[in-house]
Structures are given as C-alpha cells and as structure tokens.
Amino acid sequence: FLPGQFVMLTIDSDSEKQKRAYSLTSSPLSEDIIDITFRIEGAFTSKLGGLNLGDKVTIIGPYGHFIFNERINQDLILVAGGTGIAPFRSYIKYIIDKKLSNKVILFYSSKTPEDIIYYNEFKRLEKNHQNLKCVFTVTRHESSSWEGFTGRIDENMLKKYVMNLSDKIFYSCGPASLVNDFVAILKSNNVKDEQIKTEKWG
C-alpha cells in the first residue's frame, strides 16, 4: 500500500458482516505489522475494540488516492482533526523510514488534550527528527496542565510556523468544517489548487 491509503475491514465473527473503512496508519515499509486507528464510538468499533489475540478479521484493499508520493520534493504541511490524523501517521513514518528530505509540519486539532491520538509518539519523533515539527491545539480545555495552543487552527497559527506558503504542499484530513476552513485560508493567500489535497467527512 501507499502512505495514506485505506482498507475495508470486516470482523469474521460478526453475524452482520458489516464493512468499515480504516486508514492504514503504519509505514508501508513495516513488514510485520499493519496498524489502523479508530475511536470506540458505536456498535462496530465496540466489537473491534473487544477483539482478542487470535480473532480474525478480513481486510480488502488498499484503496484511496489521498496519498503521499515520494516523488514530491516540496515540504509538507499536514492539518488534521480528530481521527483525521490516521493517514498522516503513515506519511510521517514512511518519510522517516525512507530518510526523505521533505520537511513536515503537522498541525493537529483535538477536542481535549486527552483526545490527542499518538501525542507521545509524535513528540518523540519530533525530538529525534529535525525535519518534523508538531503543533497541537485543543478546542475544549479545562486542564491547567495543558500548555499548548487552544482554539481552532487559524491563519495566525499557520503563519507562525510556515513562512512561505507558495512552495509547500498542503494536506488536510478531518471533519468537513476543519478542512473547508483551512482551504479557505489557503485560497485567501493565493495558494494554488494543485498544492492542496483534502480528505473530509461529515
């Protein structure tokens, strides 16, 4: 598979034989493991979260065109909301595994600090790889221990870390409101359509 692709997953023991789409969050170079990311929110994900070692699932794919192609030489700006982080974990791990020269800035918005998926892993990767910068923000914040940004990803936050928008490739994945707002920011700054890649829902 390519970084950013997804699979259709069925739980073999599920009498309803429901299928759900999940992004592959591991690097394509990881030969002994395939990761997916999900939040337990409904009947299917409750079943998925309740699986035990040895239970079987069926995956079909890969599918999708929201991919990172290693022929891209430009630096990447990744903007994620919630579980929209899933394909970007694959991008980042692949770029690191391949020792590619692309610089990556990740902007990741979550509701609360506890909702940030892979927070510790991204902080560790950022510490160990100078070409990676991770910017986290939360929209609901009650913890006095949170020292990161609060509020939605906006133009000021973007320009604090991205000096020149004209020579970057922008990817955004998450709820439609987040993706649409981010695209509007880029358009107002004359970023060309071919520089913008999106995947959204809701």
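The values are calculated or read from the model by the stated rules, or taken from the named source; none is laboratory data. A quick note: this is a predicted structure, and the numbers were derived from the prediction, not measured. When we count neighbours, we look across all protein chains shown, and the Cβ atoms used for this are built from the backbone with ideal geometry, even at glycine. Protein only, heavy atoms only, side chains kept; ligands, DNA and RNA dropped before computing areas. Shrake-Rupley method; radii C 1.70, N 1.55, O 1.52, S 1.80 Å.
Listing for the model above:
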item	result
Accessible-area composition of the chain, carbon plus sulfur, in percent [1.4 Å probe]	47 percent
Over region 93-146, volume per residue of the alpha carbon convex hull, in Å³	76 Å³
Dipole magnitude (debye, nearest 20) for region 1-99, charges at Cβ of Lys, Arg, Asp, Glu	180 debye
Antiparallel DSSP beta bridges within the chain, percent to nearest 5	25 percent
Whether region 97-202 is rounded, prolate or oblate, judged on the alpha carbon gyration tensor where a/c under 1.5 counts as rounded	oblate
Dipole of the chain, positive direction: furthest Cα of M8, L78, Y63, with charges on the beta-carbon	L78
Phi-based couplings in Hz for region 148-156 (Karplus 6.51, -1.76, 1.60; Gly and Pro marked x)	x, 5, 10, x, 6, 5, 10, 5, 4
Excluding exposed DSSP-loop GluC sites (Glu not before Pro) (at most 16 other C-beta within 10 Å), longest clean stretch of the chain	71-141
Accessible area (Å², per residue) of the chain, counting only protein heavy atoms and a probe of 1.4 Å	56 Å²
Difference of contour (0.36 nm per residue) and Cα-Cα distance, N73 to K19	15.8 nm
At most 13 other Cβ within 10 Å, DSSP loop - trypsin sites (Lys or Arg not before Pro), region 42-105	K56, R71, K99
Cβ-placed point charges (K, R +1; D, E -1), dipole of the chain about Cα centre in debye, nearest 20	360 debye
Between 0 and 90°, nearest 10: helix 119-128 axis offset from the chain longest Cα axis	50 degrees
Folded to 0 to 90 degrees: helix 86-97 orientation relative to the chain principal axis, Cα	70 degrees
